[in-house]
Amino acid sequence: MTTQHKALGIPLPQADWPLPVWTARSGRYVDLVPLSVDHADLLWPAVVAAPESFTYLRYGPFTHPAGLRALLGDLSQRSEQPFWVVIPKGGVPQGWLSICDVFPKDGSIEIGSIWFSPELQGTRAAREAIFLLMCHAMDDLGYERLVWRCQAQNTKSFRAAKNLGFTYEGTWRRAAVVDGWQRDVAWFSILKDEWPHHRLAMHNWLVADNFDASGRQITRLGNGPVAT
């Protein structure tokens, strides 16, 4: 390979990647089911109780179930952005998330448009829900680049990205307008050769032995793999 070719980047034998498969997925603590308008009634109590949880999304909050039903009808019909409803084991739906901004020619894929109820946020079920889609993107579909993007002012999402193993790449200043506010957008990624380490760390964090009798974590996610 010549010096000129090296300057162009990393050559790849693959020219295209498959699209996400919109099917149910299950883990130890959570089930993901393709989102539909039929989930509106079960989601409504959590949605209406937490209007502040929609601050960094382009939709919500909602004051009437009809608004939520309209949103779910829209989200569930996006053929290029599959959404799943998040159901903790033995519980009721507590949120949703999606695979979005898929670029099959570039090997790049993103997890985003996440809404988790306050009750779900920070739990094993929440992190496993994201992990299930990370595994689908990187293991099942073999993508080169997994993206996390959030408004830079969203400190919870910023912290979650780092805990999940994403590398902060930088911030696009005043890159989005949401509800009339100009907002900065922070970008994060996990690359294909980095993924095995982060997959192991997350897998080990999720094992039952990493939680005490009251469900508190023994080793924090982001502090490295838990000894097994």
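Go through the stretch 113-125 and report how many residues are of a type in the set (Val, Ile, Thr) and assigned to a loop (DSSP other than H, G, I, E, B).
The qualifying residues number 1.
For Val33, all conditions in the list (1) exposed (fewer than 13 other Cβ atoms within 10 Å of the Cβ); (2) at pLDDT 95 or above; (3) farther than 27 Å from Val185 by Cα; (4) of a type outside the set (Lys, Arg) hold save one; what is the number of the exception?
(1)
Given (1) within 29 Å of Asp193 (Cα to Cα); (2) open to solvent by less than 30 Å² (accessible area, probe 1.4 Å), where does Pro13 come up short, assuming only one miss?
(2)
So Ala208 fits all but one of (1) among the small types (Gly, Ala, Ser); (2) modelled with pLDDT under 95; (3) surrounded by 13 or more Cβ atoms within 10 Å (Cβ to Cβ); what number is the exception?
Of (1) among the small types (Gly, Ala, Ser); (2) modelled with pLDDT under 95; (3) surrounded by 13 or more Cβ atoms within 10 Å (Cβ to Cβ), only one is false for Ala208: (3).
Restricting to the stretch 66-93, count the residues that are assigned to a loop (DSSP other than H, G, I, E, B), among the small types (Gly, Ala, Ser) and at pLDDT 95 or above.
Result for the stretch 66-93: 3.
Kindly evaluate Ala186 against the criterion of being in contact with a helix residue (DSSP H, G or I) (Cβ under 9 Å, 6 or more places away or on another chain) and more than 26 Å from Thr23 (Cα to Cα).
Yes; evaluated as a whole, the condition is true for this residue.
Regarding the stretch 78-91, can at least one residue be identified that is open to solvent by less than 60 Å² (accessible area, probe 1.4 Å), on the phi > 0 side of the Ramachandran plot and either in contact with a Lys or Arg (Cβ under 9 Å, 6 or more places away or on another chain) or aliphatic (A, V, I, L, M) (or both)?
Checking the stretch 78-91: not a single residue is open to solvent by less than 60 Å² (accessible area, probe 1.4 Å), on the phi > 0 side of the Ramachandran plot and either in contact with a Lys or Arg (Cβ under 9 Å, 6 or more places away or on another chain) or aliphatic (A, V, I, L, M) (or both).
Kindly indicate which of Leu164, Leu146, Leu120 is within 25 Å of Ala40 (Cα to Cα) and either modelled with pLDDT of 95 or more or among the aliphatic types (A, V, I, L, M) (or both).
Leu120
So Glu128 fits all but one of (1) crowded, with 18+ Cβ neighbours inside 10 Å; (2) within 20 Å of Phe158 (Cβ to Cβ); what number is the exception?
Glu128 satisfies every listed condition except (2).
Conditions first: (1) crowded, with 19+ Cβ neighbours inside 10 Å; (2) among the charged types (D, E, K, R); (3) assigned to a helix (DSSP H, G or I). Glu110 passes all but one, so which condition is the exception?
Just one mismatch for Glu110, condition (3).
The values are calculated or read from the model by the stated rules, or taken from the named source; none is laboratory data. Everything quoted here is computed from the prediction, not taken from an experiment. When we count neighbours, we look across all protein chains shown, and the Cβ atoms used for this are built from the backbone with ideal geometry, even at glycine. Side chains included, ligands, DNA and RNA excluded: accessible areas come from the protein's heavy atoms. Shrake-Rupley method; radii C 1.70, N 1.55, O 1.52, S 1.80 Å.
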